[in-house]
Number of protein chains: 2
Amino acid sequence: MRLDRTPYDEKLDAILAASARVFAEKGYHNASIRDIARASGVSLSGLYYYFQSKEELLYLIQDHGLGTLLDRLEERLQRVVRPEDKLRVLIRNHLTYFVSNMAQMKVMSHEADSLTGEFKAQVNRKKRRFVDIAGEILNELNPNTDLDLRVSTFALYGMINWLYTWYRAERDPDADVLADTMTRIFIEGYRGNKVDPAMMSEAMLPS
Amino acid sequence: MRLDRTPYDEKLDAILAASARVFAEKGYHNASIRDIARASGVSLSGLYYYFQSKEELLYLIQDHGLGTLLDRLEERLQRVVRPEDKLRVLIRNHLTYFVSNMAQMKVMSHEADSLTGEFKAQVNRKKRRFVDIAGEILNELNPNTDLDLRVSTFALYGMINWLYTWYRAERDPDADVLADTMTRIFIEGYRGNKVDPAMMSEAMLPS
DNA sequence: GGTTGCACCGAACGTTCGATCGAACGGCGC
DNA sequence: GCGCCGTTCGATCGAACGTTCGGTGCAACC
């Protein structure tokens, strides 16, 4: 089904990859289309055959990356049942993709607000899926906690998404160790905070 | 000692506050000095009486904010001794300042890479202090863990600093609840991951 | 009351920005 | 050999950018 990849597709992917590198290094608004032309080996005007505006270019990078990440996540989640394993899969899925595609992941994390209008709405729809999935897993992991679910969910994604600000492949552990570290901290931390039964009134106890 | 605040100081602070709002809303590179002139009520050229360049303006915002945050942190840390309390103080210090100064905190978190040269070096020096302080606390909290200290430290700051991407005061809990949630997750998660004594070889046990 | 210096501004500079336009290239069907 | 169409590019546009320059008002001081 992916056998019909034309030279057009290949070149578009190359342009998106080069653009992600430029956006990651200089930031979206500080990067110029001329920078991308230089990095991709295509002329300034030639680029506009592949996208209609700079903003659409950013959208293509983000939407494609989030789509890939989401597809992989949903496929991998089907293979496990315990919430602990699901959370491990989610964290590892993110971090593995991150370490392998650092430029793209930085653009996805750091340039979230640089899109406007329908571009932003479409990307936010995909991001919402990630939030919902994590929320469901946390709820399975510890249904009886008094920790705020929304705060806990974004605390989790904060741990993960902040990576682009500090991670350096040559000195830091690989993605598996990162995922293991964050998974252990978060599972232990979230699962360990159950509501203290001694604090519950009799009315709350099962009759 | 702070009684010698001149009208110049007052106006500079007002300009910095207005600039932080503009930078937070539009992003540093996407915001123009003209936007800041409009937001602060000072003419375009009049602004340059208070700073020499747009980049220095960003530096002033970041350096001043980090300085305040660091001063408060070190003062509050002196009042507690248990590592659990120290970590709680650190998290609460960050989040309280964040919620009270959202624009400034967003600029500090999101525009870290927008500075160059000596500006960036000076800001990074202050940020390093935060990393070192957190690392020392985590080490006191659980000296026997096999969790990577650097990864754990940035996981903690990721939880905290990511706040600017999702927090909305009108729907989310206040800073105290945020701090309590994150503190409980992280303390339980980090302290709970001790090296399993059953996994240790005899050579590692005290003789 | 002339001089100094701080605070501030309108106008303009040179440069870079995202985007467009018309022309030209090359392979393929006819 | 000719026309077509997908692809590419040099030349160029108006707008916006950060910064600078010459100058103004005004309070303080001698």
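The values are calculated or read from the model by the stated rules, or taken from the named source; none is laboratory data. Bear in mind that the values here come from a model prediction, so they are computed numbers and not experimental data. Glycine also receives a Cβ, built like all others from the backbone with ideal geometry; neighbour counts cover every protein chain displayed. To get the accessible areas, we keep the full protein, side chains included, count just its heavy atoms, and leave off ligands, DNA and RNA. Shrake-Rupley method; radii C 1.70, N 1.55, O 1.52, S 1.80 Å.
Brief remarks follow.
- Solvent exposure of the range B:53-194 as accessible area per residue, Å², 1.4 Å probe: 42
- In the range A:1-82, chymotrypsin sites (Phe, Trp or Tyr not before Pro) in a DSSP loop with at most 13 other beta-carbon atoms within 10 Å: A:Tyr49
- Closest approach to the B/A rotation axis among chain B Cβ atoms, residue and whole-Å value: B:Gly189, 1
- For A:Arg82, the point set 7 Å out from Cα toward Cβ sits 3.1 nm from its twins in the other copies, listed from shortest up.
- Protein heavy-atom accessible area occluded, B/A pair - total, 1.4 Å probe, Å²: 3400
- Residues along the range B:15-36 losing 20 Å² or more of accessible surface when the other protein chains are present rather than the chain by itself (probe 1.4 Å): B:His29, B:Asn30
- At least 10 Å² accessible surface lost relative to isolated chain, residues of the range B:121-161 (1.4 Å probe): B:Asp146, B:Leu147, B:Asp148, B:Arg150, B:Val151, B:Ser152, B:Phe154, B:Ala155, B:Gly158, B:Met159, B:Asn161
- Using a simple spin-label model with pseudo-atoms 7 Å out from Cα toward Cβ, A:Leu44 and A:Asp13 lie 3.0 nm apart.
- Spread of Cα-to-Cα distances over 20 Å intervals beginning at zero, given as percent, for the protein assembly as shown: 23, 54, 21, 2
- Chain B, helix-only ellipticity at 222 nm - DSSP H runs n ≥ 4, -39,500 (n - 2.57), divided by all residues, nearest 500: -22000 deg cm²/dmol
- At an R0 of 45 angstrom, the distance between the Cβ atoms of B:Leu149 and B:Asp4 translates into a FRET efficiency of 0.55.
- Using bins of 10 Å that start at zero, the share of Cα-Cα pairs per bin across the range A:54-193 amounts to 11, 42, 35, 12, 1, in whole %.
- Here the gap between A:Val80 and A:Thr68, fully extended at 0.36 nm per residue and compared with their Cα-Cα distance, gives a gain of 2.4 nm.
- Ranked from shortest, the separations from the 7 Å Cα-to-Cβ label point of B:Ser45 to its equivalents in the other copies are 3.9 nm.
- Compared with its chain on its own, the range B:176-195 contains the following residues whose accessible area drops by 40 Å² or more in the full protein assembly (probe 1.4 Å; ligands, DNA and RNA excluded): B:Thr181, B:Arg184, B:Ile185, B:Glu188, B:Asn193.
- Solvent-accessible surface ranking, highest first, for A:His94, A:His110, B:His29 at 1.4 angstrom: B:His29, A:His110, A:His94
- Surface share of carbon and sulfur [accessible, 1.4 angstrom probe, percent] for the protein assembly as shown: 50
- Copy-to-copy label distances for B:Glu136, where each label lies 7 Å from Cα along Cα-to-Cβ, are 4.6 nm in order of increasing length.
- Selected from A:Arg171, A:Arg191, A:Arg38 as most flexible by GNM, with chain A as the system and alpha-carbon contacts under 10 Å: A:Arg171
- Trypsin sites (Lys or Arg not before Pro) lying in DSSP loop within the range A:97-156, provided at most 11 other Cβ fall within 10 Å: none
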